[in-house]
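Shown next, in structure tokens, is the structure this report addresses.
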Amino acid sequence: MKTLPQSSGELFLTDGGLETDLIFNHGIEIREFAAHTLLSSAAGRHALAEYFRGFLSLARECGTGFILDAPTWKAHSHWAQDLGATEAELRTANLEAVNFIATLRDEFAGNQGPTVLNAVIGPKGDAYAPETLLSASEAEEYHAQQLHWLTDSEVEMVSALTFTQAEEATGIVRAADKAGLPIVVSFTVETDGRLPTGQPLGEAIQEVDAATRQAAAYFMVNCAHPEHFIDALTDDEWTRRIKGLRCNASRCSHAELDAAEELDAGNPLELAAQYGSLVARMPWVNVLGGCCGTDLRHVHAIAAAFTSGDAMAS
């Protein structure tokens, strides 16, 4: 399996909450919260390009690497009916999304740090409240389809983002391993630091690693406020498998966020300070960005905190 550039330990940035930023801050409608649907219009492609250009410019300014996400989180067959899309159209959407970010990488070819082409894959079902529990074998079979589509693209890695259950994560890791695609698993947690299934974060990471012989490149936590899981972090070995953070700026629970009609953007400087506290606990974490409610302001504050020379010294 290919070694990912971020395995060097150097700082890599990601973007923020793409969908919430475009919807709430820029007034752009995203059908069914599926960002790949924006690629079908010139206006949508322009909005996506301008969004990512801000983060790529930030990475250039800071001299960091960047994980550039293809908007493919909901471009899989579970959402076909809601989107009125055929499997062939979803396959095309995945390939077009990767081609889109590859063009952006070419545009920023002068960046000092590497830009990694990453396809994000969401869980089968609601990322806040899983409707059904998947077995590892069911998840492997399901996610193999989108992963197979992506093998025909230039993508360099995939990320299982906002995953809610260890069994599904195990399945997608096995499928990615068979497809020859490096994969990162990013779990989301509730306000008590546990997955929506009730499983402790550490137990979920250990379960996936044990079932896949540590086939995942690393783990992340996303779509949760730092205060929701910092107390769940221990000195046990499993925490060393967490290499990335994409937190919410809001302290709200998933249920509260789902019902919210206004964006809770929190405080970018406060969020950056909280990232500092998390990385002080886990100095090996080197992939940093945002999730729901965050935008370029938040990631800029985070980057400023970690490129000042202190926090990333180890």
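The values are calculated or read from the model by the stated rules, or taken from the named source; none is laboratory data. Given the structure is predicted, the values throughout are model-derived calculations rather than measurements. Positions of Cβ are backbone-derived with ideal geometry, glycine not excepted, and every protein chain shown enters the neighbour counts.
Structure data summary
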read-out: Region 111-123, residues that are over 24 Å from Lys178 (Cα atoms) and in a loop (DSSP other than H, G, I, E, B); value: Asn111, Gln112, Gly113, Pro114
read-out: Qualifying residue in region 1-22 (condition: modelled with pLDDT under 95, surrounded by fewer than 20 Cβ atoms within 10 Å (Cβ to Cβ) and either within 27 Å of Thr307 (Cα to Cα) or out of contact with any Asp or Glu (no Cβ under 8 Å at 6 or more places or on another chain) (or both)); value: yes
read-out: Hey, Ala224 assigned to a loop (DSSP other than H, G, I, E, B) and among the small types (Gly, Ala, Ser) or not; value: yes
read-out: Candidates Glu256, Glu203, filtered to the one that is at pLDDT below 95, part of a helix (DSSP H, G or I) and acidic (Asp, Glu); value: Glu256
read-out: Region 53-71 residues that are surrounded by 22 or more Cβ atoms within 10 Å (Cβ to Cβ), paired with ones that are modelled with pLDDT under 95 and not hydrophobic (A, V, I, L, M, F, W, C) (beta carbon under 9 Å, 6 or more apart); value: Thr64/Thr307
read-out: Contacts under 9 angstrom Cβ, first residue in region 233-244 being closer than 13 Å to Ile183 by Cα, partner among the hydroxyl-bearing types (Ser, Thr, Tyr) and surrounded by fewer than 18 Cβ atoms within 10 Å (Cβ to Cβ), 6 or more apart; value: Lys243/Ser7
read-out: Sole residue being outside any loop (DSSP other than H, G, I, E, B) and either over 18 Å from the mean Cα position of the chain (by Cα) or closer than 30 Å to Asp264 by Cα (or both), chosen from Ala102, Ala88, Ala75; value: Ala88
read-out: Check on Ala216, under 20 Å from Val184 (Cα atoms) and part of a loop (DSSP other than H, G, I, E, B); value: yes
read-out: Unique residue being of a type in the set (D, E, K, R) and either closer than 30 Å to Glu256 by Cα or in contact (Cβ under 8 Å) with a residue 60 or more places away in the chain (or both) when the list is Asp152, Asp126; value: Asp126
read-out: Selected residue (only one of Ser186, Ser159 is at pLDDT 95 or above, in contact with a Gly (Cβ under 8 Å, 6 or more places away or on another chain) and under 26 Å from Lys2 (Cβ atoms)); value: Ser186
read-out: Top-ranked residue in region 219-243 [being within 25 Å of Glu140 (Cα to Cα) and crowded, with 23+ Cβ neighbours inside 10 Å; ranked as farthest from the chain's Cα centre (by Cα)]; value: Ile242
read-out: Region 23-55 - residue that is part of a helix (DSSP H, G or I) and within 29 Å of Asp177 (Cα to Cα) and, of those, modelled with the lowest pLDDT; value: Phe33
read-out: Restricting region 266-286 to residues that are part of a loop (DSSP other than H, G, I, E, B) and either over 20 Å from the mean Cα position of the chain (by Cα) or without any contact (Cβ under 8 Å) to a residue 60 or more places away in the chain (or both), the residue that is surrounded by the most Cβ atoms within 10 Å (Cβ to Cβ); value: Val285
read-out: Any hit, region 124-143, residues being assigned to a strand (DSSP E or B), in contact with a Lys or Arg (Cβ under 7 Å, 6 or more places away or on another chain) and under 30 Å from Ser41 (Cβ atoms); value: no
